[in-house]
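Notes follow the structure.
The values are calculated or read from the model by the stated rules, or taken from the named source; none is laboratory data. From a predicted model like this one, the values you see are computed outputs, not experimental measurements. Ideal geometry is used to build each Cβ from the backbone, glycine not excepted, and the neighbour counts take in all protein chains shown. Just so you know, the surface numbers come from the protein's heavy atoms only, side chains and all, with ligands and any DNA or RNA stripped out. Shrake-Rupley method; radii C 1.70, N 1.55, O 1.52, S 1.80 Å.
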Amino acid sequence: MDLPITYMENMKQLLGEEYDAYIQSFAQERLYGLRVNTLKIQPQELEQKEIFSLRPVPWCESGYYYAEQARPAKHPYYHAGLYYLQEPSAMTPAAVLPVEKGDKILDICAAPGGKTTQLAAKLGNTGILFANDISAGRAKALLKNVELSGIQNCFVMSETPEKLAERFIGYFDKILIDAPCSGEGMFRKEPDMVKSWNEALIAFCTKQQADILEHCAGMLKAGGQMVYSTCTFAKAENEDIIGAFLEKHQEFSLLPIPKTHGFVAGLQPYTDCARLYPHHLDGEGHFVALLQKTEDTQVSTIPEETSVFEKQYADFLAFAKTYLTKPLNGIYQIYGDMLCLLPKHAPSTQKLRVLRSGWQLGTLKKGRFEPSQAFAMGLQKADVKQTLDLALQDERVLRYLKGETLETPEAKDGWTLVCVDGYPLGWGKVQKGRMKNKYAVGWKWA
């Protein structure tokens with residue numbers, strides 16, 4: 001690999017006698033990882049299914065390495081949302097953040113959703129999760145991954161950090177900043193990133209990083225924790241950013257990240273931070289800092305959402321009575337013809353760019369309710385009275401994922417939750433032994 005001369009000189013200065021070992025790591029095969037979605041299945045359960053060989057990622061309880069030839073994205077379990085494909089070192093920031101049930105969390109640079117889905121699994125559909133990406137195009141990919149994972153308590157947004165900071169003063173218990181960076185830690189995984197690297201890019205990124213950190217500082221409540229991470233090695237984007245931030249914000253302090261599993265200390269004096277190098281562990285490059293806010297802060301009063309009147313979603317209530325085994329608790333809101341269920345105490349997001357609020361249940365049409373793909377993915381088989389549970393080997397699984405009509409002599413007429421081995425894939429509507437396929441058009445197996 002042809003690395004930029006300036007970059008190599010920087011790395012020699014940074015690594016010293018370890019530089020040769022770092023360069024030699026480029027000759028190693030890239031690593032592949034997945035993280036089990038514990039909203040749907042526990043890690044040991046997926047292991048026991050033995051669908052492909054897995055090796056644990058030591059710094060993430062739900063993370064695994066897999067072999068390139070396994071192709072887990074071409075398995076029905078992927079389409080059931082049982083796992084998320086993620087580079088192993090990228091699992092570190094959300095693993096480090098000490099999430100508690102009921103927390104209000106912001107993932108401010110969230111697309112395509114790896115860290116959002118990891119945080120959501122740790123929350124277990126409690127609390128409130130905001131996943132934001134300033135790029136509307138990237139936010140759409142984020143939304144699909146949130147829906148595929150079956151997350152019920154997430155607001156997916158495409159807003160500027162400045163606008164969020166104006167609204168959510170002292171609101172969040174935890175914030176994750178996986179900041180845009182020069183990507184030096186991804187050179188081995190994505191060689192094309194080498195072509196775009198230059199010192200001007202680093203200067204551009206440091207301005208963005210400092211701005212994002214500054215806006216997030218005011219959104220964190222007293223006692224809250226915040227992770228700052230990058231996938232680069234540049235001191236200017238890591239320790240220098242943290243140092244300048246701490247100098248300006250005396251109300252923040254660094255918390256130590258354990259130096260285990262090959263993690264090494266950040267550069268002096270910021271040794272509480274962690275650096276991940278590919279010649280020290282099985283993963284790519286990362287920098288992670290864990291910060292805590294120690295002083296009282298101003299707190300904004302944000303109006304909470306309230307449910308619309310039941311008569312406005314009466315068609316859904318009729319559907320629920322017929323097809324669901326238990327009522328759904330939360331705040332019912334209608335956006336156009338879309339019915340969503342918001343988590344309790346959800347704040348108003350009026351005048352913000354929101355792609356999705358909470359859990360999209362479906363659309364209210366004239367005199368009827370049509371359930372959504374997101375609704376199916378957030379349910380469990382036991383939540384629905386009528387299901388078609390197909391064995392993994394059943395040829396109808398792939399036919400369903402391709403959007404085909406199915407012969408279903410065993411199914412009753414009406415809306416049916418289609419599952420594979422007990423895990424929901426989507427909806428179908430049965431009439432006289434044939435199922436009209438309601439799998440999301442944009443999700444079809446290619």
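Could you list, ordered by first residue, the pairs with Cβ atoms under 7 Å in which the first is in segment 187-213 and of a type in the set (Val, Ile, Thr) and the second is in a helix (DSSP H, G or I), at least 6 apart or interchain?
Partner pairs satisfying both residue conditions: Ile202/Ala236; Ile202/Glu237; Thr206/Ala236; Thr206/Glu237; Thr206/Ile241; Ile212/Pro161.
Taking segment 96-129, which residues are open to solvent by less than 20 Å² (accessible area, probe 1.4 Å), in contact with a helix residue (DSSP H, G or I) (Cβ under 8 Å, 6 or more places away or on another chain) and outside any helix (DSSP H, G or I)?
Within segment 96-129, Leu97, Asp103, Ile105, Leu106, Asp107, Ile108, Ala110, Ala111, Gly113, Leu129 meet the criteria.
Which number in (1) under 27 Å from Glu45 (Cα atoms); (2) within 27 Å of the chain's Cα centre (by Cα) marks the one condition that Lys438 misses?
Here Lys438 clears every test but (1).
Looking only at residues that are touching a residue at least 60 places away in the same chain (Cβ under 8 Å) and farther than 18 Å from Gly150 by Cβ in segment 379-396, which one is most open to solvent (accessible area, probe 1.4 Å)?
Lys385
Quick one: His261 ticks every box in (1) within 24 Å of Val57 (Cβ to Cβ); (2) in a strand (DSSP E or B); (3) open to solvent by 40 Å² or more (accessible area, probe 1.4 Å) bar one, so which box is it?
(2)
With respect to Tyr77, determine if the residue is closer than 30 Å to Lys195 by Cα and of a type outside the set (A, V, I, L, M).
So Tyr77 fails the test.
Quick check on segment 48-70. Is at least one of its residues surrounded by 17 or more Cβ atoms within 10 Å (Cβ to Cβ), part of a helix (DSSP H, G or I) and at pLDDT 95 or above?
no
Are any residues in segment 17-43 open to solvent by 40 Å² or more (accessible area, probe 1.4 Å) and either at pLDDT below 95 or part of a helix (DSSP H, G or I) (or both), and if so, which ones?
Glu17, Glu18, Asp20, Ala21, Ile23, Gln24, Phe26, Ala27, Gln28, Glu29, Arg30
With the requirement that a residue be open to solvent by 70 Å² or more (accessible area, probe 1.4 Å), in a loop (DSSP other than H, G, I, E, B) and under 27 Å from Ile151 (Cα atoms), what does segment 397-436 give you?
Lys402, Glu404
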